[in-house]
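Chemist: My structure is below; once you've seen it, I'll send some questions.
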Amino acid sequence: MKDFFRKYWKSLSIAFIVLVLTVVFAGPPLLHLIIKDKIGSALSGFGRRTGLLTDVGGISFPTNTSLMLTDVSVRPDSSMNAIVRINRLAVEFYLGGFMTGNYVRRIMVDSLYIRIVRESDTSFNFSRPTESAPDTVRRTFPASAPQNRIARFIDRYLSRKIPSFEVSHLFGEYSEPYKRNIHDRENLIFKDFSVTLKESFFRDAQLEVRGTIEQDDRVNYMISDGTLNHRSQKIQVSTFFNAPFRIPGVSSRLHGDAFLKGVDLEVHSLFDEGERSQLKASLNLIDVEIESEAVADEKLKNINVGFDLDLDYGLTDIEIKPATKVYLNKIQTFLAGRIDHLDDEPRLDVTATISPLSMDDFLASIPNALMTRIDGMKVRGSFDFKARLQLDLALLDSTKYDVDVHVSDDFRVLSLGDSIDIIHLRDTFQYEFLTEEEQDSTFWVGPMNPYYVPLDSLPAVLVNSILYCEDNSFFKNDGFNTLQIGRSIRDNLRAGKFARGASTISMQWTKNIYLSREKTIARKFQELILTWLINHEKLLDKAREKEAHKKRLLEIYLNIIEWGPDIRGIGRASQFYFKKRPKDLTVDEAVFLATIIPNPKKYERYFEGGQLIRKHRQFMEWVVRMLEQKDVIDSTLLLKSLPVSFQVVGEARKLISGYKSADSLDIEDDIEYRQSIME
């Protein structure tokens, strides 16, 4: 071998020099040709997959290890309006990239413009036209489909050295011109953003984003900083705004606006294990504000909402592990359960748990706008809460909702608020209400009122008819009927809207005594809190005995509720319809009064030409039979009361005698629902 090198060293040296010169002078042009060909192939493949065209004004190589693309634009096939425009895109390569597997050293983008237009609820200006599938085609997923593309991408991204990335002068626009209501449109303009992603010596990439966002007449400066940790494979990003930023996408759903001052996102782990994926992450929304007439009359402020997610999921199911929680200020709710059949009609079984929480922390966590009527409420002690919802969209009749609440031994209501005094309701008091003309009016609830009727003076058939129709577990529950809540969830999902509530007599009582008519989340929240505290603590009885408390509540309820336009209380209702005192009502008359409570202002719709319509007559006869089954009336009285027959002879007669038609479909749906909840 030595002799060979001694003999041919001159030839070998010349060959090596020629090879080096070839690589130095001929290699880069050849490599550049290969890179251009690869870019062309990549752009063609991108166009086939997305239906978008990419135009490149020029490709150059300023140095042997850098690439420059100029005047790049991306547009739909059918439009000359570019979705993306880039003035210059520069890429720097590692000279020895073939040895390490890391080729790209740095990416720099100058003057980037992005325009996204939402043209309908399902399409954007970049959407690829697709043929709509028939309604009978069921949504399916191929068995070989990737379980979690995001997890795999991030895992690959964090497992290798990443290039530095810089974007200067980024401008963007997002609009929804297709919406007719201008208040529902989302229009965002991003001005002069800068994006920088740099990797440190220890391979932790630092992310910085700066820029201005315009939303109609609002201007926000955004600062976002983050870390992509390769060693622990974690991602952390914090974003802050110099003024409350309006959250896009919620205006039309909330019928108002939601704002926040900052967002913290941290992905602790996100990876695949065979056919399943796992996600552990946390998201915190800082200083959230909500301004919506559907929520409250006042703006909700100082809300901090957080989510800690611990999920194990596959192609068509999600397992919510017990470490998952949602919190509102100091209220932490842990979630656990499963959601299956995501490819068809989902089925879920989820449990929500609040560990022992002091009432001080609970009340301090609720925004003031949700507490206007009960401002100043004071409750000693703590409580814990557990609720379970079982729901199968393919079998809605199997819906179940269970709830369990426990309180500490020292639990006690000290005050229901600065403006609420419940003690005076134990005796005669003045009841205030608004008339049909929105005028303030009052009347006495007690012996001072000639129409007042004590509970013990009311016939059992009337009282039981009302309980069966309105709240058949009244004397057993603490203000809520969980069975009816489950049925309400079922019926609302079936209707695709909020069609049925689950209001009990206690909830109606609370609303009538303490709250306004407004239909807001704030009013409903206060109704729930007051109903639970009043009934759990039995505040209408001095000795806090449940039966006495319930009887007093029912007595007040029957003497204040509406039975017609400005017809308040059972005594007045008996006169209005039948010119009788309640004790003299027949079974049929008592049942009629019980069945019109849900719609007292529209009582005339139950009549046609002065006669009771057939559907309501059948419903009343069904209630009469139930009274006999519950031993409220005997068989003799049952036979006497069937078929239902009565005459409206009071003031109401002149209002129903000329009524020509009834909304029969509305009535049938209402009666079927009410009958179902009484069974």
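Chemist: Averaging sequence separations of C-alpha pairs under 8 Å and six or more residues apart, then dividing by the length of the stretch 421-678, give the relative contact order as a whole percent.
Modeler: Relative contact order comes out at 20 percent.
Chemist: Another question, then. Would you give the gap between the C-alpha center of the stretch 415-434 and the C-alpha center of the stretch 178-256, rounded to a whole Å?
Modeler: The stretch 415-434 and the stretch 178-256 have Cα centres spaced 49 Å from each other.
Chemist: At q = 0.11 Å⁻¹, what log₁₀ I(q)/I(0) does a Debye calculation on the Cα points of the stretch 421-678 give, no solvent, two decimals?
Modeler: Cα-only, vacuum Debye calculation for the stretch 421-678: -0.62.
Chemist: Seen from all sides and averaged, what is the projected area of the convex hull of the Cα atoms in the stretch 601-650, in nm²?
Modeler: Taking the Cα atoms of the stretch 601-650, their convex hull projects to 4.2 nm² on average.
Chemist: Here's another thing I want to ask about it. Just report the Cα centroid separation between the stretch 552-622 and the stretch 336-409, whole Å.
Modeler: The stretch 552-622 and the stretch 336-409 have Cα centres spaced 36 Å from each other.
Chemist: For the stretch 245-319, which GluC sites (Glu not before Pro) are both in a DSSP coil and crowded by at most 16 other Cβ atoms within 10 Å?
Modeler: Glu275, Glu293, Glu298
Chemist: So what are the ³J(HN,Hα) numbers for the stretch 341-346, from phi and the Karplus equation (6.51, -1.76, 1.60; θ = phi - 60°), rounded to whole Hz, Gly and Pro as x?
Modeler: Result, rounded to whole Hz: 6, 5, 7, 9, 10, x.
Chemist: A further question on this structure: Give me the one-decimal nm value for the distance between modelled label points at Ala364 and Thr482, 7 Å along each residue's Cα-to-Cβ direction.
Modeler: Output for this residue pair reads 3.0 nm.
Chemist: Near the amide H of Phe126, under 5 Å away, which other amide H atoms are found, from residues 5 or more places off or on another chain, if H is placed in the peptide plane?
Modeler: When sequence neighbours closer than 5 places are left aside, the close amide H contacts are Val117.
Chemist: Taking loop as defined by DSSP and a crowding limit of 10 other beta carbons within 10 Å, which trypsin sites (Lys or Arg not before Pro) in the stretch 216-315 fit?
Modeler: Passing both the DSSP loop test and the Cβ count: Arg231.
Chemist: Mind putting together the pair-distance distribution for the stretch 408-531? All Cα pairs, 5 Å bins, whole percent per bin, short to long.
Modeler: 2, 8, 13, 18, 21, 18, 12, 6, 2, 0
Chemist: How long are the semi-axes of the ellipsoid equivalent to the stretch 315-417, from square roots of 5 times the Cα gyration tensor eigenvalues, in whole Å, largest first? Walk me through the numbers on the way to the answer.
Modeler: Numbers: eigenvalues 220, 38, 37 Å².
With the √(5λ) rule applied to the stretch 315-417, the semi-axes are 33, 14, 14 Å.
Chemist: Using R₀ = 41 Å, calculate the FRET efficiency as 1/(1 + (r/R₀)^6) where r is the Cβ-Cβ separation of Ser66 and Ala243; round to 0.05. Don't jump to the answer; show the numbers that get you there.
Modeler: On the way: r = 41 Å, r/R0 = 1.00.
According to the calculation, E is roughly 0.50.
Chemist: Would you mind ranking His536, His406 so that the residue whose beta carbon has the fewest other beta carbons within 10 Å leads the list?
Modeler: Sorted ascending by nearby Cβ count, the order is His406, His536.
All of the numbers you see were taken from the coordinates with simple rules; none came from a lab. Since the model is a prediction, treat every value here as computed from it, not as a measurement. Ideal geometry is used to build each Cβ from the backbone, glycine not excepted, and the neighbour counts take in all protein chains shown.
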